[in-house]
1. Expressed in nm to one decimal, what extension gain is obtained for the pair His242 and Met1 from 0.36 nm per residue of sequence separation less their Cα-Cα distance?
2. Quick check of the Kirkwood formula: for region 16-145, what is the inverse mean of 1/r over all pairs of different Cα atoms, in Å?
3. Which value, in debye to the nearest 20, describes the size of the charge dipole of region 213-279 about its Cα centre when Lys and Arg Cβ atoms bear +1, Asp and Glu Cβ atoms bear -1, and nothing else is charged?
4. Can you tell me what share of the DSSP beta bridges in region 148-236 is antiparallel? A percent to the nearest 5 is fine.
5. Select from Val51, Ala104, His81 the residue farthest towards the positive end of the dipole of region 46-122; place +1 on Cβ of Lys and Arg, -1 on Cβ of Asp and Glu, and compute about the Cα centre.
6. Over the chain, what is the mean sequence separation of C-alpha contacts under 8 Å (at least six apart), divided by residue count, expressed as relative contact order in percent?
7. Hey, what do the phi angles of region 204-211 turn into as Karplus ³J(HN,Hα) couplings, whole Hz, using 6.51/-1.76/1.60 and θ = phi - 60°, x for Gly and Pro?
8. What percent antiparallel are the DSSP beta bridges of the chain, to the nearest 5?
Amino acid sequence: MRHIACITFDFDAISGWIARGMTSPSPISRGEFGPNVAVSRILALLKKYAVPASWYIPGHTLETYPDPCRQVCDAGHEIGHHGWTHRPPASLTREQEEEELVRANEQIKKLAGCYARGYRSPSWDLSPHSVELLLKHGFIYDSSMMGDDYTPYRVRQGDIIELEKPAVFGKETPLIEMPISWTLDDYPHFEFVRTPTVIQQGLMNANNVLANWLDDFMYLRDNLEWGVITYTFHPFVIGRGHRMMALEKLIQTLKEQGVVFMKLEDAAAEYQKRNPFKTG
Ligand SMILES: [Zn+2]
C-alpha cells in the first residue's frame, strides 16, 4: 500500500483578478495578500512538517513578485507552469497560448534552472491546442482535468465532441494527467466573489471543508493499493488564519495516517514507472 498526497499551490497573486478585468485597488490588494503575507506563512508551515510541494506560478507573478517566487524555489519546491496572464487557454488563440507558454517558461527557467515539467491551466480550462503545445514544449504532465480522482492517466488528443453526435475519442498521448477537482480546491469553498453575472458564495466553515478533504483521503486509503490525492490551494485564499489552521490539521492528520508527501512531478514520475507509455 502506498498513498501519496500532493500539496499544490496556484500562486496567482494579482494575475487572476487582472485576467477578469478587476484592476481597481481592492481586488489588487486581495491578490497581493498572497505574495506579501501568505507565502511566508505557508513556506514556514511546509518547512515545519518537511512537506515538499508544487507551486504553479503565472508568468505575471514571476515577473511582478520575484522575491517571494525566489523564496518558494529556494525552499526546494517544484515550480510549475500556470500561464502568463492567467487567462484560460480555452479563451486564447493557438498563437496566444503558445506565446504565453514560452514567455512564462523562460521565466521559470531563469528562476529554477530548467523549464517546467508540469502545467496547470488557469481556471482549469484547456483549449483544443493545449495537449499538442504541451507535448511540443516538453511537458511531462498536466494537472487541469478531472477524469479520475486518485489514479493518474494519459491525456487524449483529437476528441471530436459534437452536440448531436456520439463522441469520438482521440488517441492517448504520453502526457500524464495528474487529476484535480474543484472539491479539493480551496477557492470555490472559501472565496466570496461578486461579478455582474455571478455570485460565488464561498466563506465556508474551514473545519467542514477540512472534513471533506480528509474523507477523500480516507476513501483512497481504504479502497486503493496505490494512489495520489492532489490538493490545490491559493496563497491568498488559504493564507488567512482559520484556513491556515485547517491546512495544518490536514497535514498533521495525513502524516499520522502514513501518507507520503510528494511533489506532483515526482508522483507523475512514479506513475510513469509503474505504467510505462505504450504506443499504438
Ligand atoms: Zn490560478
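1. 83.5 nm
2. 15.1 Å is the Kirkwood radius here.
3. For region 213-279, the charge dipole is close to 180 debye.
4. Of the beta bridges lying entirely in region 148-236, close to 90 percent run antiparallel.
5. Working it through, the farthest residue towards the positive pole turns out to be Val51.
6. 27 percent
7. 6, 5, 5, 5, 5, 5, 4, 4
8. Looking only at bridges with both residues in the chain, the antiparallel portion is about 25 percent.
Every number here is computed from the coordinates shown, using simple stated rules; none is lab data. Remember, it's a predicted structure, so these values are computed and weren't measured experimentally. Here the Cβ is made from the backbone with ideal geometry for all residues, glycine too, and neighbour counts use every protein chain on show.
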